[in-house]
Every structure is written in C-alpha cells, then in structure tokens.
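Only one structure is covered here, and it is reproduced in the block below.
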Amino acid sequence: MKILVTGGAGFIGSHVVDAYIAHGHDVAVIDNLSTGHREFLNSRVRFYQIDIADRDAVRAVFARERFDLVNHHAAQVDVRVSVADPLRDARTNITGLLTLLEACREFSVKKFIFISSGGVIYGEPEELPVPEDAPKRPISPYGVAKLASEFYLLSAKHTWGLNYLALRYANVYGPRQTPKSEANVISTFSRQLLRNESVTIFGDGKQTRDFVFVSDVVAANLLATERLEEINQAPLDSIDDLAFNVGTGQETSVNELLRKFSHALSRECYARYAPPRPGELRRNALDISKARRVLQFTPKISLDNGLRETLEWVRSRE
C-alpha cells in the first residue's frame with residue numbers, strides 16, 4: 001500500500017513510518033520539521049519538507065504520489081500554545097486537516113487514519129476509565145480542534161465517501177520524544193533526573209494520566225490500517241463509532257510517576273511544586289475495551305519497563 005504519514009519525522013510518526021516500512025508498505029512523509037527531526041526519518045521514505053496548511057505544496061505531493069492511505073500525525077500538540085495562541089493552533093490542526101482532506105477528495109484517496117486525543121476531547125471525565133461515547137467537554141483550544149476534526153472527517157465520510165478511523169491517544173511516551181517535539185512529563189523528567197536535577201510538578205502531583213508506550217501506539221496504527229475498510233462498512237451513528245481509545249486504561253499520578261523514576265534510577269528523586277497550569281486536566285485514563293474487542297489491540301509494555309527504555313534512550317543522547 002502507498003501511504004502518506006504526516007508528521008513522519010516526529011516522535012510517534014517516525015515510529016509508525018518504521019513499522020509501515022517493516023510491513024512492506026511504500027511510505028512518503030510530509031513534515032515541516034518544526035518539531036520533527038530529520039535524523040528520525042527512515043532512509044527508505046520519500047520526504048517532503050512542507051507545511052500541511054500549504055495548499056499548493058500539499059496538492060503537488062498528492063498529484064505526484066497517488067496515495068492509498070493517509071496517516072495524519074502532524075499537529076500542534078502543546079495545550080499551552082493553544083491557550084496562548086488559538087489561531088496558530090487552528091492553522092495547523094484545522095486548516096492543515098482540511099487541506100489534506102481537500103487533496104484526498106481531489107486525488108481519490110479514500111482511506112484516512114486521524115490521530116485524535118483521548119486526553120483532551122473528553123475534558124474532566126464523569127467516569128474513569130473514559131469510554132469513547134463519554135460526553136465531549138474539551139477545555140483547551142487544542143481539544144476543541146481535535147474534536148472538530150473528527151466531525152470534519154464524519155462529514156467527509158457522508159459527503160464523498162471517505163473511510164476513516166480516529167485514534168484517541170492517551171499520553172504517549174518513549175524513545176525519540178524530545179523537548180522540541182511533543183514532550184510530556186516523562187520525557188521532561190527523564191532529562192532532568194539524568195542530570196541529577198530536581199523536577200517541577202505543577203499542582204499537587206495528584207493529577208493522573210494514562211501513560212502508553214510508543215510501541216503499543218504503533219501496534220494500534222497497524223491494526224487500524226488492516227481493519228479500516230471493514231470497520232467502515234458498519235452502520236454509523238456518531239463520531240464515536242469510528243473512534244478508538246488507545247492507552248492502557250490505568251491511571252498514574254505524577255507523584256507515583258516520580259516514585260517509579262526513583263525506583264528505575266535506584267536513588268531518591270526530588271520535586272518542587274508550582275501552581276497548576278491553565279487548561280490541563282485533573283484526571284484521565286482511557287477505556288480501551290472497544291479497541292481490544294474490535295482491533296484486537298492489547299498494550300504490552302508496562303510503565304516500569306517503558307520508563308527504563310525511555311531513560312536508556314535519553315541517556316544515550318545526553
């Protein structure tokens with residue numbers, strides 16, 4: 001299959017590219033390298049350094065390549081940036097998506113995997129772990145953009161026959177996550193603690209997240225690619241029918257995470273506490289029972305093992 005991966009030089013996207021190539025697919029990458037790294041690019045891809053919101057440049061790539069499927073990882077992913085500059089967030093996350101969908105329609109690309117967010121579109125959840133059909137209450141512009149994108153995809157399906165799936169990621173971590181990219185608390189803590197620095201915890205540290213290792217997320221992408229057309233044959237009532245939570249279903253507090261770092265590093269790790277940041281959630285964990293049932297997705301990497309692999313990778317680059 002001929003596949004376009006947007007954001008394919010980034011943390012998660014580059015791992016997805018490697019897996020697609022390992023499974024025999026023909027892959028091209030669009031990435032503007034604003035957060036991606038050229039060194040993460042697989043040597044077997046065709047690389048286009050352009051912005052996904054550049055209509056003419058995107059159209060030229062589609063005209064040349066004639067893709068079968070688009071895997072859309074490129075995004076502005078920083079909640080704080082979206083709060084400070086909603087227009088910048090929307091240019092990448094809304095205009096960028098629409099530019100790709102326009103090209104898909106013009107060049108008859110009927111398969112699309114969209115990377116959504118299980119961490120922000122639900123807002124503060126009423127129940128944990130959060131199922132796909134939970135109320136949607138995004139509290140940041142980033143969350144609003146991700147939710148709006150799923151409705152744009154649903155519209156594309158109804159109006160011109162696009163087959164798509166949305167993968168709602170939990171908090172992904174692992175090798176290749178850098179401060180330049182979508183760095184989360186694990187990436188940040190890893191670098192600071194390996195330098196024997198104290199870390200900063202925003203709030204009381206009791207806030208929780210569902211931390212999923214990058215290789216498990218890659219596996220979900222491969223499963224979604226295999227099952228996309230079949231799943232799209234079922235009757236459709238809402239965006240939730242074509243969306244899948246991708247996580248572990250387990251809550252871990254930031255305080256507990258720091259204790260796990262202490263265990264992984266075999267020494268006491270210290271934190272200073274600062275005021276909570278606006279727009280961030282208090283608790284989150286995703287119900288992945290639908291992904292288990294329909295995609296046969298099962299996360300395999302424990303947080304303890306994933307932290308060790310992440311620390312080894314960061315250590316190798318320090």
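Restricting the trypsin sites (Lys or Arg not before Pro) of the range 258-318 to loop positions (DSSP other than H, G, I, E, B) with no more than 14 neighbouring Cβ atoms within 10 Å leaves Arg267, Arg282, Lys300. Applying 0.36 nm per residue to the separation of Glu39 and Gln233 and subtracting their alpha-carbon distance, the gain on full extension is 65.9 nm. Of the trypsin sites (Lys or Arg not before Pro) in the range 157-252, the ones in a loop by DSSP (not H, G, I, E or B) with at most 16 other beta carbons within 10 Å are Lys180, Arg195, Lys206.
Based on alpha carbons, the Rg and Dmax found for the range 58-193 are 16.1, 51 Å. Kirkwood analysis of the Cα pair distances in the range 44-114 returns a hydrodynamic radius of 12.9 Å.
Between their Cα atoms, which of Lys146/Lys290; Lys136/Lys260; Lys157/Lys290 are more than 28 Å away from each other? Among Lys146/Lys290; Lys136/Lys260; Lys157/Lys290, the Cα-Cα distance tops 28 Å for Lys136/Lys260.
Directionally averaged projected area (the range 1-82, Cα convex hull): 5.2 nm².
Largest first and in whole Å, the equivalent-ellipsoid semi-axes of the range 112-262 read 32, 17, 13, each the square root of five times a Cα gyration tensor eigenvalue. Percent of Cα pairs in the chain per distance bin of 20 Å, from zero to the largest separation: 34, 59, 7. Report relative contact order for the range 205-318 in percent, whole number only (criteria: Cα-Cα under 8 Å, sequence separation at least 6). Value for the range 205-318: 43 percent.
Quick check: the distance between the Cα centres of the range 261-296 and the range 78-125, to the nearest angstrom? That distance is 23 Å. The orientation-averaged shadow of the Cα convex hull for the range 189-318, equal to a quarter of the hull surface, comes to 9.6 nm². Taking amide hydrogens as placed 1.01 Å from N in the peptide plane, the amide H of Val212 sits under 5 Å from those of Asn171, Val172, Tyr173, each at least 5 positions away in sequence or on another chain.
From the Cα gyration tensor of the range 225-297, with a ≥ b ≥ c the square roots of its eigenvalues, which class applies: rounded if a/c is under 1.5, or else prolate if a/b is larger than b/c, or else oblate? Cα axes put the range 225-297 in the prolate bin.
The alpha-carbon atoms of the range 138-198, seen along their principal axes, cover 55, 25, 17 angstrom, with the largest extent given first. Computed from the C-alpha gyration tensor, the three semi-axes of the ellipsoid equivalent to the range 257-309 are 29, 20, 6 Å, from longest to shortest. Across the range 143-153, coupling constants 3J(HN,Hα) worked out from phi with the 6.51/-1.76/1.60 Karplus curve, θ = phi - 60°, read x, 4, 5, 5, 5, 4, 4, 5, 5, 4, 5 Hz, and Gly and Pro carry x. The ellipsoid equivalent to the alpha-carbon distribution of the range 91-134 has semi-axes of 30, 13, 6 angstrom, derived from the gyration tensor eigenvalues as √(5λ) and listed largest first. Here's how it looks for Ala243: its modeled amide H is under 5 Å from those of Ala166, which are all 5 or more places away or on a different chain. For the range 30-87, the set of trypsin sites (Lys or Arg not before Pro) satisfying both a DSSP loop assignment and a count of at most 16 other C-beta atoms within 10 Å is given as Arg44, Arg66. Put simply, the amide H of Leu286, placed in the peptide plane, has neighbours under 5 Å in Val130, Thr248, Gly249, Gln250, leaving out anything fewer than 5 places away on its chain.
The mean sequence separation of alpha-carbon pairs under 8 Å and at least six residues apart, normalised by the residue count of the chain, gives a relative contact order of 19 percent.
Which angle between 0 and 90 degrees, to the nearest 10, do you get for helix 303-317 versus the longest principal axis of the chain when only C-alpha atoms count? The two axes meet at around 90 degrees.
Applying 0.36 nm per residue to the separation of Lys2 and Ser316 and subtracting their alpha-carbon distance, the gain on full extension is 109.7 nm.
Readers should treat all values here as calculations from the given coordinates under stated rules, not as data from a laboratory. What you see is a predicted model, and the numbers here were worked out from it, not measured in a lab. Cβ coordinates were reconstructed from backbone atoms using ideal geometry, including for glycine residues, and neighbour counts include every protein chain displayed.
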